[in-house]
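Taking it in order: structure first as structure tokens, then the write-up.
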Amino acid sequence: MRHLSLPAERASLSSLRAGDVVKVSGRLVTARDRAHRRALELSTAPVELKSVYHCGPLVRRAGDGWEVLSAGPTTSARMEAYLEGLLERFGTTVIIGKGGFSEAALDVLRRYGCVYLSFTGGAGALAAAAVKKVLEVHWLELGIPEALWVLEVRDFGPLVVAMDARGGSVYARPASGQE
Amino acid sequence: MLDSLIELIRTAVVRLPPDVTAALEAALAAEEEELAALQLRLMLENAARAEELGVPLCQDTGVPVFFLRGEWGEVEPLLAEAVRRATVQVPLRPCIVHPLSRENTGDNTGAHVPVVHRITGGERSVSFMPKGAGSENCSAAAPLPPSAGAGEIAEFVADVVRRAGAKPCPPVVLGVGIGGTLEHAALLSKLALLLPLGTESEEPALAELERRILREVNSLGIGPMGFGGRCTCLGVRVLSAHCHTASLPVAVSLQCWAHRRATLVERSGSWEVVQP
């Protein structure tokens, strides 16, 4: 299984193919609907957003800091409206979430050289085991789930390369219907 | 009673019910697609780890929803207090916000939250089923044509699941309510989710509808987390009510694989938490 260091340069991601399974280590920033919206409205954020995790963690105060107890991914489709703005303004190269984006997003990911990795939805306890430290937290006034949590993760995964930077996707086409 | 209610909440968010674990194990045994099998394995591994550590298995500890059976009097203040304390003690993620300002209340309570449904009949009990947003955002209700019949109902449900795709964390569990009025069909769809997996309706026509929906949904090929494979749905239950001659309300509540629920029952004079 391939290991990626975060933040990752585009060149190191171009060989990833939809269906590959990887683990990641390094620095991840959680962002959901409200953080995306605010970052794009302000056109700035208090932290770099090279590696974004669609997640609203379950945390507990631990001394002066925070402990992450459960931190699985949230539904990425809600953040698709902000995808192109995020990649253009913040140069994001890795997004981790669940459920994927629509097929239209494949072209956006390709143009900006970004890969989309899926972690198992609901697997909050497993994800929390990979979080070694909460490095920073910003925009807590948006509420705990919507804040920007800067996490140090080690061997987070296995993650599935669900949408690669070359137009590939593992999402199953529904067997019937118009899509 | 307050401590029992907190224990009820803790059990529901920490421990995956045995019927769901068994259904995931059966799905894994039947799965041939590598990525789909990997997802099912991780779901089971996660459930085991959460139980071992005593932490919520999913960070989305959801909207708190209680179902009261039998006579409870004015128990509502106690339920809200149990949610507030569980938010600190378990802990739960503060998920509840004002619908317009989106300001988080911080303690998982608010106007009409926790949601409380009072059910007449049956043994005196309190069930707790936290409802996560990923799956609830894909739930749907619609007035179907009165002449629709089982085929069109199954088609409607399959279409809701097809449009949901990977979003609700499949394999999903489906609660379906048919008949009554629109809000009653929606409540029936939630009550159907409380029933144990692996059971079916005692009414032959409804049992046949449940099997038909399960067959059609599993033929969609969405699979665990949307990666294809055999298992898109772990189980379907349908509850029905009679309805107006000119209408056929149908509601479908999607539940993620992390189908969390627990019930508080009285056993020889003390309260005990049980799971299906």
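Points to keep in mind about this one:
- Filtering the range B:101-118 to residues that are more than 18 Å from the chain's Cα centre (by Cα) and away from chain A (no Cβ under 14 Å) leaves B:THR109, B:ALA111, B:HIS112.
- Test: residue in the range B:21-35 that is over 19 Å from the mean Cα position of the chain (by Cα), more than 30 Å from B:ARG230 (Cα to Cα) and not in a loop (DSSP other than H, G, I, E, B): no
- Selected residue (only one of A:VAL108, A:VAL68 is more than 16 Å from A:ARG27 (Cβ to Cβ) and β-branched (Val, Ile, Thr)): A:VAL108
- Residue list for the range A:16-69, filter: touching an Asp or Glu at 6+ places or on another chain (Cβ under 7 Å), surrounded by fewer than 24 Cβ atoms within 10 Å (Cβ to Cβ) and either assigned to a strand (DSSP E or B) or away from chain B (no Cβ under 14 Å) (or both): A:LEU16, A:LYS23, A:SER25, A:ARG27, A:VAL47, A:ARG60
- Condition check for A:PHE90: of a type in the set (A, V, I, L, M, F, W, C), away from every other protein chain (no Cβ under 14 Å), touching a strand residue (DSSP E or B) at 6+ places or on another chain (Cβ under 9 Å) and over 20 Å from B:GLN59 (Cα atoms): yes
- Subset of the range A:93-120 (residues that are surrounded by fewer than 21 Cβ atoms within 10 Å (Cβ to Cβ) and either under 20 Å from A:PRO145 (Cβ atoms) or touching a Phe, Trp or Tyr at 6+ places or on another chain (Cβ under 7 Å) (or both)): none
- When residues of the range B:16-59 are limited to those that are more than 7 Å from chain A (Cβ to nearest Cβ) and among the acidic types (Asp, Glu), the one nearest to B:LEU193 (Cα to Cα): B:ASP19
- Reported count of residues in the range B:26-57, each being touching a helix residue (DSSP H, G or I) at 6+ places or on another chain (Cβ under 7 Å) and not polar (S, T, N, Q), is 20.
- In the range B:183-218, the residues that are of a type in the set (Lys, Arg) and crowded, with 18+ Cβ neighbours inside 10 Å: B:LYS190, B:ARG212
- Looking only at the range B:252-271, and only at residues there that are among the hydroxyl-bearing types (Ser, Thr, Tyr) and either in contact (Cβ under 8 Å) with a residue 40 or more places away in the chain or touching a Phe, Trp or Tyr at 6+ places or on another chain (Cβ under 7 Å) (or both), the one that is farthest from the other protein chains (Cβ to nearest Cβ): B:THR263
- So A:LEU40, is it modelled with pLDDT of 95 or more, over 15 Å from the mean Cα position of the chain (by Cα) and farther than 23 Å from A:LEU87 by Cβ: no
- A:LEU4 touching a Gly at 6+ places or on another chain (Cβ under 9 Å), surrounded by 14 or more Cβ atoms within 10 Å (Cβ to Cβ), at pLDDT 95 or above and farther than 23 Å from B:GLY226 by Cα: yes
- Test: residue in the range A:148-163 that is within 14 Å of another protein chain (Cβ to nearest Cβ), surrounded by 22 or more Cβ atoms within 10 Å (Cβ to Cβ) and without any contact (Cβ under 8 Å) to a residue 60 or more places away in the chain: no
- Near pairs, Cβ below 9 angstrom, 6+ apart or cross-chain, from the range B:110-121 (without any contact (Cβ under 8 Å) to a residue 60 or more places away in the chain) to any residue that is surrounded by 14 or more Cβ atoms within 10 Å (Cβ to Cβ) and of a type in the set (Ser, Thr, Tyr): B:VAL113/B:THR105
- Segments classed as helices (runs of 4 or more DSSP H), wholly inside the range B:111-204, with at least 3 members that are under 30 Å from B:LEU2 (Cβ atoms) and modelled with pLDDT of 95 or more: B:133-136, B:182-194
- Selection from the range B:52-70 of residues that are in a helix (DSSP H, G or I) and either buried (at least 20 other Cβ atoms within 10 Å of the Cβ) or of a type outside the set (D, E, K, R) (or both): B:LEU53
- Candidates are the residues of the range B:229-251 that are surrounded by fewer than 20 Cβ atoms within 10 Å (Cβ to Cβ) and part of a loop (DSSP other than H, G, I, E, B); the one that is nearest to the other protein chains (Cβ to nearest Cβ) is B:ARG230.
- Check on B:GLY73, within 10 Å of chain A (Cβ to nearest Cβ) and surrounded by fewer than 17 Cβ atoms within 10 Å (Cβ to Cβ): no
- In the range B:90-105, the residues that are surrounded by 14 or more Cβ atoms within 10 Å (Cβ to Cβ) and assigned to a loop (DSSP other than H, G, I, E, B): B:VAL90, B:PRO91, B:LEU92, B:ARG93, B:PRO94, B:CYS95, B:ILE96, B:THR105
- Checked against (1) within 9 Å of chain A (Cβ to nearest Cβ); (2) part of a helix (DSSP H, G or I); (3) closer than 30 Å to B:GLY73 by Cα, B:ASP3 passes all but a single condition, namely (1).
- Of all residues making up the range B:76-98, the number that are more than 14 Å from chain A (Cβ to nearest Cβ) and without any contact (Cβ under 8 Å) to a residue 40 or more places away in the chain: 3
- Checking A:ASP64, A:ASP20, A:ASP107, A:ASP33 one by one, the residue that is among the acidic types (Asp, Glu) and modelled with pLDDT under 95 is A:ASP64 and no other.
The values are calculated or read from the model by the stated rules, or taken from the named source; none is laboratory data. Being a predicted model, the structure only gives us computed values, none of them experimental. Every residue, glycine as well, gets a Cβ built from its backbone with ideal geometry; the counts of neighbours run over all protein chains shown.
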